[in-house]
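Read the structure below first, then the notes.
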Amino acid sequence: MNKCVVDQPHKGDRNFYGVSIGVICLESYFPKPPGHIKNPAGLSFPVLYHTIKGATVQKLLNDPTDKLRDLFIEAARDLVQEGARAITSSCGFAALYQEDLATAVDVPVFASSLIQIPIAWHMTGCKAPVGVLTASSSSLTPEHFRLVGAADIPVEIQGMEEYPEFSDVILNNKRTDMDLGLIEEEILSAARQLLKRAPETRALVLECTDMPPYAHRIQNEFGLPVFDLTTLTGMVQDVVTPVHYSGWHR
């Protein structure tokens, strides 16, 4: 006589299922083309978003208060409760909160693409500075590097402050309309400027989440490995999600 097999109840502990990455978002309304972490159409997996209302690029870059840190922590905890298995953010300057966020939740946290600087340094032989393209070189401090474990790694930094389209829209919030073609050329120009100044550079890390949509252009023109938040997010997705390999062997 065959026995009836009854499935055991599945554990319920979250609001959403099938989602691994939670993104803490600043509030901004300029365009985000595919490749930007805030455009899920460019990702091959679903993500959860939590926007901190009133938290802008300008506040995180120029006035990263304890109150803002606490809002990031609250957002991270909410995302974990909703179902996220790893936490990131929509701005590389959240590096300031990397340690606090990682302590506050029991899932992996990669608050900033700058966390890849040590990886880029070791992968390229520890011989040349790591190039860092950032939204604002004047706002990027030694503390940002220390909190992602990169305090002792030589870096060559290039900011976007002098580029009018990037500066007007993203840094200064003068308008929400943006010329994406012009942004692309400005980012490429910044990369050229960095590499002209430090031609020995062997890898680039894109701090800013507005840069990954154009990473392929940088790779094609300069032939360097480019590390950004979007590709890092894909790696973490595989780290926290079971991967089943297919194929054959003899």
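For this structure, a couple of remarks:
- Region 236-250, residues that are at positive phi and open to solvent by less than 20 Å² (accessible area, probe 1.4 Å): none
- Considering (1) buried (at least 16 other Cβ atoms within 10 Å of the Cβ); (2) modelled with pLDDT of 95 or more; (3) not charged (D, E, K, R), the lone condition that Thr51 does not fulfil carries the number (1).
- The set of residues in region 54-83 being within 17 Å of Pro108 (Cβ to Cβ) and either open to solvent by 80 Å² or more (accessible area, probe 1.4 Å) or assigned to a helix (DSSP H, G or I) (or both) consists of Phe72, Ile73, Ala75, Ala76, Arg77, Asp78, Leu79, Val80, Gln81, Glu82.
- The residue pairs whose first member lies in region 34-45 and is at positive phi, whose second member is open to solvent by 30 Å² or more (accessible area, probe 1.4 Å), and whose beta carbons are closer than 9 Å, counting only pairs six or more residues apart or on different chains, are Gly35/Gly42; Gly35/His216.
- No other residue among Ala86, Ala94 is buried (at least 17 other Cβ atoms within 10 Å of the Cβ) and in contact with a Pro (Cβ under 6 Å, 6 or more places away or on another chain) apart from Ala86.
- Cβ pairs under 8 Å, 6+ apart, first in region 5-29 and within 17 Å of Ala55 (Cα to Cα) and open to solvent by 50 Å² or more (accessible area, probe 1.4 Å), second outside any strand (DSSP E or B) and polar (S, T, N, Q): Tyr29/Thr176
- For region 139-186, taking the residues that are of a type in the set (S, T, N, Q) and closer than 30 Å to Gly125 by Cβ, the one that is surrounded by the fewest Cβ atoms within 10 Å (Cβ to Cβ) is identified as Thr141.
- Qualifying residues in region 113-136 (those that are outside any helix (DSSP H, G or I), hydroxyl-bearing (Ser, Thr, Tyr) and under 17 Å from the mean Cα position of the chain (by Cα)) - the one surrounded by the fewest Cβ atoms within 10 Å (Cβ to Cβ): Ser136
- The one condition from (1) in contact (Cβ under 8 Å) with a residue 12 or more places away in the chain; (2) under 28 Å from Ser137 (Cβ atoms); (3) open to solvent by 20 Å² or more (accessible area, probe 1.4 Å) that Val107 does not meet is (2).
- Leading residue by the ranking (surrounded by the fewest Cβ atoms within 10 Å (Cβ to Cβ)) among those in region 212-235 that are without any contact (Cβ under 8 Å) to a residue 24 or more places away in the chain and closer than 25 Å to Val109 by Cα: Met235
- Criterion (at pLDDT 95 or above, in a loop (DSSP other than H, G, I, E, B) and of a type in the set (Asp, Glu)) met by exactly one of Glu99, Glu27: Glu27
- Listed conditions (1) out of contact with any Ser or Thr (no Cβ under 7 Å at 6 or more places or on another chain); (2) within 24 Å of Pro40 (Cα to Cα) are all met by Asp100, apart from (2).
The values are calculated or read from the model by the stated rules, or taken from the named source; none is laboratory data. Since the model is a prediction, treat every value here as computed from it, not as a measurement. We place every Cβ from the backbone using ideal geometry, glycine too, and count neighbours over all the protein chains shown. Ligands, DNA and RNA are excluded from the accessible area calculation, which covers all protein heavy atoms including side chains. Shrake-Rupley method; radii C 1.70, N 1.55, O 1.52, S 1.80 Å.
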